1. Among what's in the range 106-124 and is in a helix (DSSP H, G or I) and among the small types (G, A, S), pick the residue that is modelled with the lowest pLDDT.
2. When you scan the range 1-105 for helices (runs of 4 or more DSSP H) that lie fully inside it, which ones turn up with 2 or more residues that are closer than 24 Å to K116 by Cβ and either at pLDDT 90 or above or among the hydrophobic types (A, V, I, L, M, F, W, C) (or both)?
3. Given the criterion farther than 22 Å from L111 by Cα and surrounded by 15 or more Cβ atoms within 10 Å (Cβ to Cβ), identify the matching residue among V84, V39, V57, V74.
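The values are calculated or read from the model by the stated rules, or taken from the named source; none is laboratory data. Note that this is a predicted model, so its numbers are computed, not measured. Methodologically, a virtual Cβ is constructed for each residue, glycine included, from the backbone with ideal geometry; neighbour enumeration extends over all protein chains shown.
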Amino acid sequence: MNTVAVPTGRWDKVEFYTSYFLLTVLVTVIGMRLSFDGVWQMPQVDLVLSTIALLLVVGSFWFGRHNRRLRLWVIAFASATQLVPMVIRQPVLLFPLIGALIPVAILVGCLVALSKKNHSAGPSAGS
């Protein structure tokens, strides 16, 4: 009979993999944005902030391995460098961003609930 490894349910593992997924998404988004700079010129401030954010995000895969606080600060900074300049130029973009907080809040709530789930009992009958 095969035994299946049961996740520990600890928040640090959930946060670790989630933050690395977010870093991967940020590398993709910022990289695409910078690659389109040759086609559509970005404002100089956006170009500089995006370049710094890309370097920090790529570097955080290495220097943020054991430092959760640093990883989260890099994610927050890189996200802010992409969102804040757009919202300042076009304030109407704030409404879809506020609307996007709803599924993000649901996702965070699910992650917290999963991290606190009691794994000592076997799987429930419905799963």
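1. This residue is S115.
2. Qualifying helices (runs of 4 or more DSSP H): 11-35, 68-89.
3. V57
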